[in-house]
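Written out below as structure tokens is the structure these notes cover.
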Amino acid sequence: MPLIVMSGFPCSGKTRRAKELKDYFEQSSKLKVHIVGDEALGVDKNSVYGDSQKEKNVRASLKAEVERKVNKDDIVILDSLNYIKGYRYELFCLIKHTQTPLCLVYCLTSHEESSLWNTSREAAEQYTQDIFDALVLRFESPDSRNRWDSPLFTVLKDDTLPLEAISDALFKRKAPPPNQSTQSQPLSSANFLYELDKITQDVLMAIFNAQKTSVPGDLISVPGATEKIELTRGINMAELRKLRRQFISYTKMHPTENTGQISNMFVQYLNKSLH
């Protein structure tokens, strides 16, 4: 069953729209609808969004909850900022693996409108102005040209939610097909794990060494890959090793039959994770 991803500035009407969607689908299709979001987790917004590690943990918890809830019978709505394109890409990969339809609802407001709505809330529910401004500054707007942001429904504050169009996009459209990087396949090579370990380690060392003579904006070539690493900032070895462990864990569960694609898959994963 479908996943609906909400996105927008803080205080842009995402929760109101999520409830509209829940009411509509429960009445029109009699399906059960789950809303997963910051509110359900009891998140202290200013504490979480003021600490990058806490924020990463919350995003991981939301993604895990979505993964648990997605099934063949229910609709899941992810009601959070979802402002990082790399995170939306992770959700897209999740639904490709489960072969579940997805759409994104973007609540588009101006900085001024959302800021006014924020200050009109009860004090306990407000973002501090510093946190609010920082989140708006970091916001990466959805773009329908990206497959992970499509189909995209952009809704202004006074718009009527296009409920039928959203329903059609979810129920009359095929789920994205799984691809090599997401489809579960049997191990076809006895040395797959050895190759996975060796190739990813070689990529890490290539990036680490290349940074000694590179500057942000450079493209780094790595062994065995036709794609290049987009170096947008300095990356320390601890962060690279963490991403390598995550990639290995996922790839062990969903191995590719063509080990020659591991380098490109890892480069794609790093480019999405590091932006």
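Values quoted throughout were computed directly from the atomic coordinates according to the rules given, and no laboratory measurement underlies them. Small disclaimer: the values here were computed from a predicted structure and weren't measured. Ideal geometry is used to build each Cβ from the backbone, glycine not excepted, and the neighbour counts take in all protein chains shown.
So what is the relative contact order of the stretch 1-131, in percent, for Cα pairs below 8 Å that sit 6 or more residues apart?
Values: 167 pairs, mean separation 62.4, N = 131.
Reported relative contact order: 48 percent.
How much net charge surrounds Ile131 when only the other residues with a Cβ under 15 Å from the Cβ of Ile131 are counted, with Lys and Arg +1 and Asp and Glu -1? Provide the component values of the computation, followed by the final result.
Details: positive: Lys45, Lys54, Arg121, Arg138; negative: Asp38, Asp44, Asp51, Glu55, Glu125, Asp130, Asp133.
With Lys, Arg at +1 and Asp, Glu at -1, the neighbours total -3.
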Query - Reachable lysines from Lys242, criterion Cα separation under 17 angstrom, eight or more residues apart if same chain - result: Lys54, Lys56, Lys198, Lys252, Lys272
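How much of the DSSP beta bridge set in the chain is antiparallel, as a percent to the nearest 5? List each step's numbers first, then the result.
On the way: 2 of 20 bridges.
DSSP beta bridges in the chain are roughly 10 percent antiparallel.
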Query - Protection proxy ranking, peptides 243-253, 120-130, average beta carbon neighbours within 10 Å, highest first - result: 243-253, 120-130
Report task. Using the charge dipole of the chain (Lys, Arg: +1 at Cβ; Asp, Glu: -1 at Cβ; taken about the Cα centre), state which of Ser47, Ser29, Phe247 has its Cα farthest towards the positive end. Result -> Phe247
Query raised in the report: Lys14: which lysines have alpha carbons under 19 Å from its alpha carbon, excluding same-chain residues fewer than 8 sequence positions away?
Result: Lys22, Lys45, Lys63, Lys85, Lys157
Query raised in the report: With a sphere of radius 12 Å drawn around the Cβ of Lys14, what net charge do the other residues whose Cβ falls strictly inside it have (Lys, Arg +1; Asp, Glu -1)?
Result: 0
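Could you tell me which of rounded, prolate or oblate describes the chain, using a ≥ b ≥ c as the square roots of the eigenvalues of the alpha-carbon gyration tensor, with rounded for a/c under 1.5 and, failing that, prolate when a/b is larger than b/c and oblate otherwise? Kindly include the intermediate steps, with their values, before the conclusion.
Details: a/c = 2.24, a/b = 1.41, b/c = 1.58.
Since a/c reaches 1.5 but b/c is at least a/b, the shape of the chain is classed as oblate.
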Query raised in the report: Given the C-alpha centroids of the stretch 1-73 and the stretch 87-164, what is the distance between them in whole angstrom?
Result: 11 Å
Query raised in the report: Measuring from a point 7 Å past the Cα of Leu31 along Cα-to-C-beta, which residues in the stretch 141-165 have an amide N at less than 15 Å?
Result: 151, 163-165
